[in-house]
Protein chains: 4
Amino acid sequence: MTQTLRVAVIGAGRMGADHIKRLSTRIHGAEVAAVVDVDLARAQAAIEGIDGAVALASADEALNNGDVNAVLIATPGFLHEEILYKALEKDFPILCEKPLTPDADSAWKVVQAEQSLGHKRIQVGFMRRFDAEYSALGAIIRNSELGELLMLHHQHRNPTTPEGFTNEMLINDSVVHEFDAIRYFTGEEITSVQVRLGKPTRSAPNGQHDPQHVLLETESGVLADVEIYVNAKFGYQVATQASFEDGIVSIGGDNGPYVQSAGKWGGNVTPGFEERFGAAYDVEVQAWVDAALRGEIGGPTAWDGYATAACCEAGVEAQKSGEKVKVQLNTKPDLYK
Amino acid sequence: MTQTLRVAVIGAGRMGADHIKRLSTRIHGAEVAAVVDVDLARAQAAIEGIDGAVALASADEALNNGDVNAVLIATPGFLHEEILYKALEKDFPILCEKPLTPDADSAWKVVQAEQSLGHKRIQVGFMRRFDAEYSALGAIIRNSELGELLMLHHQHRNPTTPEGFTNEMLINDSVVHEFDAIRYFTGEEITSVQVRLGKPTRSAPNGQHDPQHVLLETESGVLADVEIYVNAKFGYQVATQASFEDGIVSIGGDNGPYVQSAGKWGGNVTPGFEERFGAAYDVEVQAWVDAALRGEIGGPTAWDGYATAACCEAGVEAQKSGEKVKVQLNTKPDLYK
Amino acid sequence: MTQTLRVAVIGAGRMGADHIKRLSTRIHGAEVAAVVDVDLARAQAAIEGIDGAVALASADEALNNGDVNAVLIATPGFLHEEILYKALEKDFPILCEKPLTPDADSAWKVVQAEQSLGHKRIQVGFMRRFDAEYSALGAIIRNSELGELLMLHHQHRNPTTPEGFTNEMLINDSVVHEFDAIRYFTGEEITSVQVRLGKPTRSAPNGQHDPQHVLLETESGVLADVEIYVNAKFGYQVATQASFEDGIVSIGGDNGPYVQSAGKWGGNVTPGFEERFGAAYDVEVQAWVDAALRGEIGGPTAWDGYATAACCEAGVEAQKSGEKVKVQLNTKPDLYK
Amino acid sequence: MTQTLRVAVIGAGRMGADHIKRLSTRIHGAEVAAVVDVDLARAQAAIEGIDGAVALASADEALNNGDVNAVLIATPGFLHEEILYKALEKDFPILCEKPLTPDADSAWKVVQAEQSLGHKRIQVGFMRRFDAEYSALGAIIRNSELGELLMLHHQHRNPTTPEGFTNEMLINDSVVHEFDAIRYFTGEEITSVQVRLGKPTRSAPNGQHDPQHVLLETESGVLADVEIYVNAKFGYQVATQASFEDGIVSIGGDNGPYVQSAGKWGGNVTPGFEERFGAAYDVEVQAWVDAALRGEIGGPTAWDGYATAACCEAGVEAQKSGEKVKVQLNTKPDLYK
């Protein structure tokens, strides 16, 4: 492997543009070699000012460009599968934004394809694992500093949702982060999902029921729940409270300058995920680059992508039935143990 | 009514002794006239230093003592019913520690007895309503300052439990406070209860499953839940987070002097309910005294005692079945509307 | 001494009215027997609804009223001296709002008069000592929990000042509280005062320089300072940060319900001293009543009133000169040791 | 200028090693080309695993190495002057750790040398300006969001000091950060310094008086003060509270996971400056690299280095005299306006 990752970024939308900026200004050991977008103008805009980068209209061109040796996939999820196969064929290091693929079946095929390759090349973009507070809580759990973990209470709040954001997307695009977080914190698989629908906010778009209360269990019986509330208006918040045998740990509190003014004390709520998790994205991508230069991956695996896809399927079913739905998983391949 | 309440305190145990001290040193307009305990020595110890108070071995004696004109019932719950009838007969102002009675049927009979009397004389000891933060949250809800209330998340944590504290008591003695709190906050009845049992702490006594996750719904569909965790070891905590259409409000945070020492920042957790709710007890009893001197009651009614008893019955059933159990209530009498 | 304090409240202005309400609705063991105000109508309004209380136009009448056995002085400070002498003559328990008298000389004479009486009857209204956080910090200092106390940093902020509030009043009426607090915390006298005048706020009334930075030293060399800022607009705040050999303790932080709404997190600042110190006033007056019924005082002494008056004189001089000014004190009489 | 900064790091001690790691693993657009240390073994250890880097024993060798095009100076301060002249001669971008030089006279000569060059090449390592909270407070001041800034209260606390840390170093090495911060926040020069010495901690080494209270004024009369306490034991803390006409802003509060355990609530204090300001160092160095690649500097100038040196001289004099000492500054050259 060379000393520098020459990355083809596939997709120049919001996330892609963010990664392009990150790779070209803040990440050590990587450069943007190519940007691919079906909208070529958007790809061209994205490489402006980046020496040595080319704008292309197809992933194929990028993967076959001799200057490229790594791939970051930031297209909509339904396009991931095809690009993943091609990148695996090239044996390139891959950072694939979540979801790995939109459903458990296709994700499982990707897992199988990587297995055939015989080594891990796919890192999935669950960037919360790289947040400083997530890491700190993860360490407290793994080190049993406060005894056994018993319960995990999550709040996931967005100020608003983009147009066309459905109940299914609320699970697949939002709660999917908690599915991974709970798996990361506990080191266990999720075994069941239940969804409670109560009094909805009048701020939700037509057809979307918001908030929802998602109940989960893990293999050892840890009770987790997620308050998902995506039209919470006040700002963006992702918080977790973990109950242990010997204490309670909370992460995701508000911070920043503390102001007393006009009869109020407090500060500004983080407005969105970029502000809340910007540093985590940097750490994630740097970890990927560092690992890739060593021939490894530095974060969540294709198995994590598959397992969360299975959780999402159970979650959407639970949302419809109101009942507790079991999560079905294939046996974990040796490659991911 | 005279200018001073001459109170017979029935029961000189932990709560009774606490109320005796309160009435004789901090409450304006009331004095302890008599203390009743089956253990007469305990009653005698309790009146030490209180001019004009007598120690008695039976509630009857106290109620018939000409110097007594009000009753505070602080015996174990199973003894409440009989004393309540006698005090109602005397038409005395009554402050009855929770539970009103141990089950919904007997509570309903007390409600009917008070109805026959034609006016309210029984105030039930749900003292959390008198806590400054509970009041503040209650006001935010009633004034619709942040739009409609959608969800209520409660944490109820005790450092440890007394010997013989069973799973049923966990509902009847602990979660009962949240049953009342949720009814107080929403101004609605609770319609169903479900209980989740997950991974238990090894600190719980034999036969007790701790923590438990209790799920509730109200008439308008507000989703409430309670993390009840009674061997949490770290201290005592009662906290609530309310999600509104336009924001989130949290109460019950830690406070007190802020210390930075030995690599740590923080302070001391409230060790028990006396420290956490001591001021609320004072406010509760003062409100009762003030109202009683006007011939009224100043807090939760016998109906509140009955309705929470019905919630407890559903809660204990839900604990056993794991299923969602409906709460059954008689029609609310006019006296309590 | 009887079982009930029958209090004559002298002065029915803001503080007087507050104390009348306190004594007649929340304090155990005391009743308002008389209210005195030169504006008799104001006195009459103040006793409305209080059984057994009379409205009078002179302190003499009240002190000679057979129903009165205690005095609470809440007139403007320049009227205190004369009333104090008369109440001492009656040997009544006295709670005197600060200042004891307006200057050190007259305060010293009061100290001497009380000495002639041979026992302490005067408690001075430095109510901050009764605040829960002040008490907690005081205990940490006295118990040497964090080693020796080295520095005390105080913030004293008012939203605004009443008309006619001069630079001298800023010391005599505002910083006087910190003079007492520093003496209370350290258990030492203040030895010097310096005042820094910097960039003033445009919100201050004409002739008033605000904020000011007051520097103090105690006998053992503890460095204290006070940021006095009386047109701070945002609300009322009294906070202290104490630096010890082994840590730092801060009190006076904001609290109350925690709200996330409209892009902000936080809560409401206490608007004024009643809200901030209302509970402390209750504790102070209850302590006075309890002690008075035992023939003692339950708080700051006349010596504390005298010593703070001497600090104020030095403070006003320091304000004018910009130099460090020594605090001059007579020898402490045995009665106050 | 090439696309990559090839940096010679002069000095491989604690700060140098930290910068070498930063440049070689996290900073985009720069590489370590050479590490210089009089202890060649230390230089060699520092380049281990860094492709293309050489270890050298003299700054001359590094500056004349054709592969080097930028210099980061991390030697002890008394060695800076000579290296600065040589690097200016080469017209290399320079990031010089603070102090620029140990005294105002020598710093002024460096300023003059850079002026002769006709453009700015020297960035001084006052990294706090790059801290997110410092930036946020700076923006609030510059935008007059809360009216005029009136006072600045600083706490600067270290757990302990290295051996041989003198009273002078307490000003020159510690308070120098606040000298720059106050200049940064106000956009004004500091006009006077006074130092108060009170009761010292018994944890200070022999000959060092700790804590100290440093009082400063700026051109417009802003009153600033610094509690410098370098044996505070509990951890590392750098905090500022700014008083404005319309409110108060505080930065530097504790954060991280919130734990309730064993009777305590709270978290871990930052143990040292790397943990507190690690991110700020990254931002600082990235800003320097980005600016250097454009032929500019991206932070504090040589003038800032000179002006803080003048403050330090006044501070040390004030420490000895106890009096207010004026800060003497030459006229600001056009290059820095």
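The values are calculated or read from the model by the stated rules, or taken from the named source; none is laboratory data. Just so you know, these numbers come straight off a predicted model, no measurement behind them. All Cβ positions, even for glycine, are placed from backbone atoms using ideal geometry, and neighbour counts span all protein chains on display. Surface accessibility is based on the protein's heavy atoms, side chains included, excluding ligands, DNA and RNA. Shrake-Rupley method; radii C 1.70, N 1.55, O 1.52, S 1.80 Å.
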Mind jotting down the distance between the C-alpha centroids of region C:81-160 and region B:212-244, whole Å? 45 Å
Suppose we keep just the DSSP beta bridges with both residues in chain D; what percent of those would be antiparallel, to 5? 55 percent
Please list D:Glu31, C:Glu163, C:Glu317 from largest to smallest accessible area, probe radius 1.4 Å, with all protein chains kept in place. C:Glu163, C:Glu317, D:Glu31
Calculate one ³J(HN,Hα) per residue across region C:75-85 by plugging θ = phi - 60° into the Karplus curve 6.51 cos²θ - 1.76 cosθ + 1.60, and present them in order as whole Hz with x for glycine and proline. 7, x, x, 5, 8, 5, 3, 4, 5, 4, 4
So how tilted is helix C:14-25 from the main axis of chain C? Cα-based, degrees 0 to 90, rounded to 10. 60 degrees
Ascending list, in nanometres, of distances separating the A:Pro333 label from those of the other copies (7 Å, Cα toward Cβ): 6.5, 7.1, 9.3
Longest principal axis of chain C (C-alpha) makes with the long axis of helix C:104-117 (C-alpha) an angle, in degrees to the nearest 10, of 40 degrees
Residue order for D:Lys90, D:Lys21 - accessible surface, 1.4 angstrom probe, largest first: D:Lys21, D:Lys90
Between D:Lys21 and C:Tyr85, with labels modelled 7 Å along Cα→Cβ, what's the label distance in nm to one decimal, could you check? 7.6 nm
Label 7 Å beyond Cα on the Cβ vector: C:Gly278 copy-to-copy distances, nm: 2.0, 4.2, 4.6
Quick query: amide H of A:Arg121 versus all other amide H atoms, modeled in the peptide plane; which residues come in under 5 Å with a sequence gap of 5 or more or a different chain? none
Using the heavy atoms of the protein chains and a 1.4 angstrom probe, tell me the accessible area per residue for chain D in square angstrom. 36 Å²
For helix A:132-142, report the angle its Cα long axis makes with the longest principal axis of the Cα atoms of chain A; keep it between 0 and 90° and round to the nearest 10°. 70 degrees
Considering only protein heavy atoms and a probe of 1.4 Å, how much of the accessible area of the protein assembly as shown is carbon and sulfur, as a whole percent? 49 percent
In deg cm²/dmol, rounded to 500, what helix-only [θ] at 222 nm does chain B give when every DSSP H run of at least 4 residues adds -39500 (n - 2.57) and the total is split over its residues? -10500 deg cm²/dmol
Would you please give the residues with an amide H less than 5 Å from that of A:Asp91, counting only those at least 5 places away or on a separate chain, with H modeled from the backbone geometry? none
Point-to-point label distance, D:Ser58-C:Ser58, nm (Cα→Cβ direction, 7 Å offset): 10.0 nm
What does the charge add up to near B:Gly266, with Lys and Arg as +1, Asp and Glu as -1, over the other residues with Cβ less than 11 Å from its Cβ? 0
Considering the rotational relationship between chains C and A, which residue of chain C contributes the beta-carbon of minimal distance to the axis, and what is that distance to the nearest Å? C:Gly266, 1
The distance between the Cα centres of region B:287-337 and region A:256-285, in whole Å, is 43 Å
Which sequence of C:Met15, B:Met169 reflects their accessible areas, 1.4 Å probe, from the largest down? B:Met169, C:Met15
Apply 1/(1 + (r/R0)^6) to the Cβ-Cβ distance of A:Ala41 and B:Ser116, taking R0 = 51 Å, and write down the FRET efficiency to the nearest 0.05. 0.05
Over the protein assembly as shown, volume per residue of the alpha carbon convex hull, in Å³: 186 Å³
Using Cα-only point scatterers and the Debye equation, what is log10 of I(q)/I(0) for chain B at each q in 0.08, 0.11, 0.12, 0.16 Å⁻¹, rounded to two decimals? -0.39, -0.74, -0.88, -1.46
Report D:Tyr85's accessible area, 1.4 Å probe, all protein chains in place, as a number in Å² to the nearest 10. 80 Å²
If you take every residue apart from B:Leu40 with its C-beta less than 15 Å away from the C-beta of B:Leu40, what net charge results, scoring Lys and Arg +1 and Asp and Glu -1? -4
Per residue of C:189-196, count partner chain C-beta atoms within 10 Å of its C-beta, then hand back the mean as an integer. 1
With springs connecting C-alpha atoms under 10 Å apart, model chain B as a Gaussian network and identify which of B:Thr186, B:Thr308, B:Thr201 has the largest mean-square fluctuation. B:Thr201
From the P(r) of region A:124-255, could you give the percentage of C-alpha pairs in the tail past 24 Å? 29 percent
Report D:Ile140's accessible area, 1.4 Å probe, all protein chains in place, as a number in Å² to the nearest 10. 20 Å²
Any lysines with Cα under 30 Å of the A:Lys324 Cα? List them, leaving off those in the same chain fewer than 8 positions away. A:Lys98, A:Lys109, A:Lys199, A:Lys233, A:Lys332, A:Lys337, B:Lys199, B:Lys320, B:Lys324, B:Lys326
Distances in nm, one decimal, shortest first, from D:Ser220 to the same residue in every other copy, taking the label point 7 angstrom along Cα→Cβ. 4.1, 4.9, 5.7
Taking amide H positions as placed 1.01 Å from N in the peptide plane, with prolines and chain starts having none, which residues 5 or more places from B:Ala55, or on another chain, fall under 5 Å of its amide H? B:Val35
Accessible-area value, D:Ile248, 1.4 Å probe, nucleic acids and ligands omitted, Å²: 0 Å²
Determine the residues within region D:2-27 where the difference in accessible area between the chain on its own and the full set of protein chains amounts to at least 10 Å²; count protein heavy atoms only and use a 1.4 Å probe. D:Gln3, D:Ser24, D:Thr25, D:Arg26, D:Ile27
